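None of the figures in this text is laboratory data; all of them are computed from the coordinates on show. Computed from a predicted model, the values in this text were never measured in an experiment. All Cβ positions, even for glycine, are placed from backbone atoms using ideal geometry, and neighbour counts span all protein chains on display.
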Ligand code: SF4
Ligand code: SF4
């Protein structure tokens, strides 16, 4: 059944939507760069975390597009090192999470992130199906998605022999509850965005105060 509600993203720049959905203001960032200096993945990212925030602050469609198609948002490990270092308490992991969802929703995932996305999906599918993570199921789904069928294949028997990998998923109570959580969280965005604080731009192109 199609969702007939208006798209809350219509016309709003990413910084505004991040504020609505993730509760974070990119305008709190004053570009000290401590997050980028401490991020273990910054060197591999196309835009380090503080660069991404600056792009979002500018609120230009072309920069929003570059953020959504960046590899950075998929490389982020949600390790929280940036959030722990930030003097302004900006939660970059929360912002990255929103950006990944948005990138996926808009079909703008960076092609280099294909395998990362396959891992994310396989992880969530495993939790959805078994009520918790089942590593062998995760590996099987990941391999089917990426066709890396022989990758690490010699490591698996050793891990199984040492009891590090269980072939069968453990029976767990609460499987149905986990499924319900997945169903409930399939809509993560409010249908109608709450009113904006006057200090934030509401439409693309408006300058932050
Ligand atoms: S540490 Fe905080 S204030 Fe500094 S650049 Fe990063 S997000 Fe901005
Ligand atoms: S949470 Fe993401 S952006 Fe922040 S330091 Fe870790 S990897 Fe880098």
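Things worth noting here:
- Sorting 146, 185 by the number of Cβ atoms found within 10 Å of their own Cβ, with the fewest placed first, yields 185, 146.
- Rounded if a/c under 1.5, otherwise prolate or oblate - region 113-184, Cα gyration tensor axes: oblate
- Based on Cα contacts under 8 Å between residues 6+ apart, region 113-184 shows a relative contact order of 40 percent.
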